[in-house]
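Single-structure report; data block below.
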Amino acid sequence: MKPKDWDRFLKQIASDYDLHGKLKEIFIVRFAYENWRKPDKEIWELAEAASHETYKKQMTEIYSYFAKDRPNGCPELEPHSKGPGKFQILREWLKEIKYPEWNQTTATLGERSNIALDFSVPLPSNSSIPITSDFPIYIQRPPIESDCCQEIVKPGALIRIKAPEKMGKTSLLKGILAYAETCGYRKVYLNLRAAEGAMFASLDKFLRWFCANISRELGLKPMLDDYWDEELFGSLVSCQAYFQSYLLEQLNSPLALGLDNVDRIFEYPDIARDFLPMLRYWHEEANNLPIWQNLRLVIANSTEVYIKLDANQSPFNVGRQVKLPGFNLEQVQLLAKHYGLDWTEDVEMQKFASALIEMVDGHPYLIRLALDALCHQNLSKEQLLQEAPTQGGIYGSHLRRHWDNLQSSPELAAAMKAVVTSETGVQLEPTLAYKLESMGLVILVGDEVQPSCELYRQYFCDRL
């Protein structure tokens with residue numbers, strides 16, 4: 001079971017041991033509870049390192065901060081050791097020694113006390129995502145964050161975040177939940193990608209998984225059988241009864257529920273046709289029953305829903321919609337400062353930043369890879385841009401991953417070929433268009449599909 005406040009503990013440890021910038025980010029991702037059992041070949045992409053080799057070098061540097069020859073270092077962590085067990089040694093030391101110390105200290109200082117907040121007090125107009133949100137570096141895209149913070153405190157709120165992969169949906173979603181927590185709300189983050197395929201065997205099984213996981217995150221004992229009767233009432237009514245009469249009744253404050261990667265449910269149309277209207281119904285019940293005003297929903301997805309839903313039952317046309325754009329020049333410069341690069345007075349670097357933005361359409365993940373390469377690789381800005389859409393460029397691994405995905409689906413490959421070879425845009429079968437959009441490869445402009453950035457146009461035009 002995940003140690004309580006483990007994520008907050010990691011941030012404090014990173015600060016105590018003077019980890020900063022990319023090293024801090026990678027440390028927090030690598031030692032996150034949900035990543036303990038994952039191999040490094042999975043972690044380096046989650047940590048958004050420039051490459052696997054760069055990630056390994058950065059991890060070696062991280063271990064040096066905790067080696068036994070450093071102040072308060074781990075006694076068993078040799079400073080020059082190259083063995084594969086360093087992660088396990090440091091993880092166990094953090095869990096068994098440092099975490100209990102931190103836990104006792106914070107309890108002594110009273111940081112765990114629950115303070116009742118007055119929800120009638122209006123929020124300031126400049127409300128923003130807390131700097132203590134789960135993502136170590138978060139670049140705001142005003143007014144999105146302040147709008148979301150003001151929306152989440154409204155009774156029965158529903159916020160819909162839509163953007164392609166690696167655009168920052170999860171960071172924004174978790175930031176909204178973190179802000180809700182500062183307002184005294186309970187928060188639950190649920191990633192639908194974490195559900196095993198077996199959980200989608202039937203609507204009833206999925207809804208029971210859904211309710212049980214939310215109960216666990218709230219620290220409540222799952223009492224499904226006390227409220228559930230599939231034969232007599234059906235799964236949807238049972239799920240609603242469980243939420244209304246058990247979960248919401250148990251809480252003395254609103255619940256901010258974040259559902260990430262909701263498009264996973266699109267892969268199971270029979271479940272989606274019931275689950276998605278249920279979310280819409282819960283949102284609208286806030287107008288009828290005061291207890292449903294305490295449920296504040298935040299849902300994130302990569303594509304438009306391509307399952308036929310009645311317009312009056314879809315959760316995707318109510319509440320507040322948020323579309324995440326790419327970074328502009330000011331935001332790229334702000335991110336660069338986190339890497340120790342100050343471009344505000346450097347005309348040449350500003351030209352480079354503008355060219356990079358044009359190449360990748362300001363995509364946050366691709367911008368971060370470029371900044372990481374400039375800081376950790378002996379690479380000029382001219383070479384970086386010139387080699388960007390090639391196998392040997394900084395985006396080689398990223399592009400090959402997309403290439404492999406396209407090659408595993410001839411229909412998707414043919415669709416992408418039509419997109420990149422068209423001078424304007426093409427119309428595609430909706431399911432193909434939405435799958436390419438969820439991968440971040442294309443954008444939808446009306447009924448037409450276009451490459452999402454010049455990087456993808458050049459790379460796939462040469463290969464398809």
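Here are a few things to note about the model shown:
- Every condition in (1) within 23 Å of K169 (Cα to Cα); (2) surrounded by 21 or more Cβ atoms within 10 Å (Cβ to Cβ) holds for R264 except the one numbered (2).
- Residue match in segment 45-57 (condition: open to solvent by 10 Å² or more (accessible area, probe 1.4 Å), closer than 19 Å to I89 by Cα and in contact (Cβ under 8 Å) with a residue 60 or more places away in the chain): yes
- Residue selected from segment 185-217 under the condition part of a loop (DSSP other than H, G, I, E, B) and open to solvent by 10 Å² or more (accessible area, probe 1.4 Å), by the criterion farthest from V262 (Cα to Cα): Y185
- Any chance V332 is open to solvent by less than 20 Å² (accessible area, probe 1.4 Å) and among the β-branched types (V, I, T): yes
- Listing of helices (runs of 4 or more DSSP H) fully contained in segment 333-428 that carry 2 or more residues being over 23 Å from G168 (Cα atoms): 347-360, 381-387, 396-407, 410-420
- Residue within segment 293-310 that is part of a helix (DSSP H, G or I), over 30 Å from A50 (Cβ atoms) and at pLDDT 90 or above present: yes
- Of residues in segment 375-396 being surrounded by fewer than 16 Cβ atoms within 10 Å (Cβ to Cβ) and of a type in the set (S, T, Y), the one farthest from K57 (Cα to Cα): T390
The values are calculated or read from the model by the stated rules, or taken from the named source; none is laboratory data. If you're wondering where the values come from, they're calculated on a predicted model, not measured in any experiment. Virtual Cβ from ideal backbone geometry, glycine too; neighbours counted across all protein chains shown. Please note that ligands, DNA and RNA were not included when accessible areas were found on the heavy atoms of the full protein model with its side chains. Shrake-Rupley method; radii C 1.70, N 1.55, O 1.52, S 1.80 Å.
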